[in-house]
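**Q** Quick one: this structure, given as C-alpha cells, is what I'll be asking you about.
None of the figures in this text is laboratory data; all of them are computed from the coordinates on show. Predicted, not measured: the structure shown is a model, and the values here were computed from it. Please note: Cβ atoms are built from the backbone with ideal geometry, for glycine as well, and neighbour counts cover all protein chains shown.
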Amino acid sequence: MIRVTTLLAIVLIAGLAALGGFWLWSLDGYVEIDLPGSDPGRFNLGLIIILGLILAGGVAVAWWVLTSLVAMPWTLGKARRNAQVRKANKALTEGLLAAEAGDAKTAMKLARKARKYGDDERLKLLLEARAAEAGDDWSEAERAWGQLMRLPGGQLAGLRGAAAAAIERGDTSVAETRARQALELKSSAEWPFNSLFDLQVSQGRWDAALETLDLGEKRGLISGVNLMRRRAVLLTAKAAGLGPDHRQGAQKALAEAIRAAPDFPPAAWHGARHLMVDGKLKAAQGVLELAWKARPHPALAQMARRLDPEHKSSADKVRLQGLIDANPGHRESRILKAELAMEAENWVDAVRELALLIEEKPTARLSLLMERALRGYGDEGEADRWSRMAATAAREADWSDIDPRGSAFDFDTKDWARLVYAFGDTGMLVHPRHESFSRELEAGKPIALPRPGDKKTITMPPRPDDPGVPVPGKPEAAE
C-alpha cells in the first residue's frame, strides 16, 4: 500500500512539473541580456524562469551536501551515543529482571555490560547492588548501595539498601546508623522509622524504641490507637525489666502504660503488683477495676485475690465483686460469679452459671471448674466425668498466661517484642505458655495464700436431693 501511494505521488509531481514547464514555455515575452563584447541576446521568458528554478535547486542540493559533510562527525557521534544508550538501557532492564529472578550470574554479566555503555552512574550502581543481593554477596551489595547514597538523588535509596545489607550481614549497629541517617532526611518515606524502630524493639532497647516512637509521632508516621498501644507495651516491657532498686521508675512507666492503653492486661497486672508491694491496696484495686472494665483477663482476677494475704476472705469477695460490677456481661465476670458461688458453697448457682458458659464454649478450664462445683454438690460420678473431659478439652489462651505459682505475663524480650506489634497493631495478645504447652494454674484449685491463724479446711457437704440442678451432658439433671 505504501509503495503504490509513493508511486502515485511521484507520477503526480512529475505531471504537475510537466504542466508547469509547458505553461512557462508558452508565456509571451522575452528577456534581453546585454553581455559585454557581444550583441544583446534575447531569450524566452519561460526558458529563463525554468533555468532559474533548476539553478536554485542545484544550489540547494550543493548546500545540503556541503553541510552534511561538515556535520557528519557530529552526526556519527550522536548515532554512536544513541546506540550505546540503547545497549545500556537493554542491559539495565535485563539485568534488573535477572536480579529479581535470582539469576545472579546473568545479572552480574549484564551489570558489567551496563557499566561499559551506561552514562548514569546511579542506574549502574543500582543494578550492581541488586545483582550482588541476588547472589547473597551482602558485602558487595553494601558497597554498591554505599556508593549510590553519595550520588544526587540516590541518597535515600542507597541508605535503605545499605541498611538491609547490613542486617543480612548481622551488623545491626551499621543498619541502625543508616536508618538514623535516613530518618534525618526530609522525606515522607516510612521505612527509616520502621527500620530503626524494629531494630531497637528486636534488641529489647525499650527506651530507645520509645524515643523513636515519639519521633515517629512528631513526623506523623504513626498516630492514634496504634501509637498508644505500642507505647503501652514498650513502657510495660521496660518496667518488667527493672530491678527492685528501680521500683519508682517502674511504677511511673506502668502508670503511663495504663493511661495509654487501659485494655492492656499486663500493664494493669504489673502495676497492681507494684502497688500491692507498697501497701496501696485501694489504688491497686482501682487499677484492676479500670483494666477489667476495658478488657477482663483471668490474671487480673488472680491478682485481686492476692492483694492482701492477711485480710479476711470477705474482702476477697468485695474485690472480686468490684471486678464483676465493672464489666458484668463479660465471660470472665460470669466465671467470677460462678467462683464466688462456689466459695459461698452455693453449688446449684455455680453449676447453672458454668453450664451456660460451657454451652457457649467448652474448655478445659470450665470443665475443671464444673468438676469442682459438682464435687461440692456431691455428684462424684459426674465430677469424675468432667475431670476426664478436661483432659481433652481445648485450653484457654488467656488462662495459660498464669503459671502454676500464680504469677503471670512473665515474658522474655522476644515475647515483649512480639507484643509490640501483635497488641500495638491489632489489639491481640500473645500467649507463649499456650504455644509451648507449658503447665498452667489449675483452674479448679485457685491459688490460696495462707493467712495467720487460718487453719480452716473446706469440707464438701453431702449431695442434696435436688433434681433441678442443670448438669451439661446429663439429660436427667436438666430442668
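**Q** Measure off 7 Å from each Cα along the Cα-to-Cβ vector at residue 61 and residue 410, then give the distance between these two points in nanometres to one decimal.
**A** Reported label-point gap for residue 61 and residue 410 is 10.3 nm.
**Q** Give me the log10 of I(q) over I(0) for region 137-222 at q = 0.11, 0.13, 0.18 Å⁻¹, as the Debye formula computes it from C-alpha points; what are the numbers?
**A** Scattering profile of region 137-222, log10 relative to I(0): -0.28, -0.39, -0.72.
**Q** Between residue 217 and residue 174, what FRET efficiency follows from the Cβ-Cβ distance if R0 is 22 Å, with the result rounded to 0.05?
**A** The formula returns an efficiency of 0.25 here.
**Q** Still on this structure, please answer the following. As an exercise, use a Förster radius of 56 Å and the Cβ-Cβ distance of residue 207 and residue 346 to find the FRET efficiency, rounded to the nearest 0.05.
**A** That gives a FRET efficiency of 0.65.
**Q** A further question on this structure: Figure the gain on full extension for residue 439 and residue 184 (residue separation times 0.36 nm, minus the Cα-Cα span) and round it to one decimal in nm.
**A** Net length gain for the segment: 87.0 nm.
**Q** Out of region 250-325, which trypsin sites (Lys or Arg not before Pro) are coil in DSSP terms and have no more than 11 other C-beta atoms within 10 Å?
**A** Those that pass, being in a loop and sparsely packed, are 312.
**Q** OK, next. Using the structure shown, list the pairs from 337/361; 252/414; 282/317 with a Cα-Cα distance above 20 Å, or answer none.
**A** 252/414
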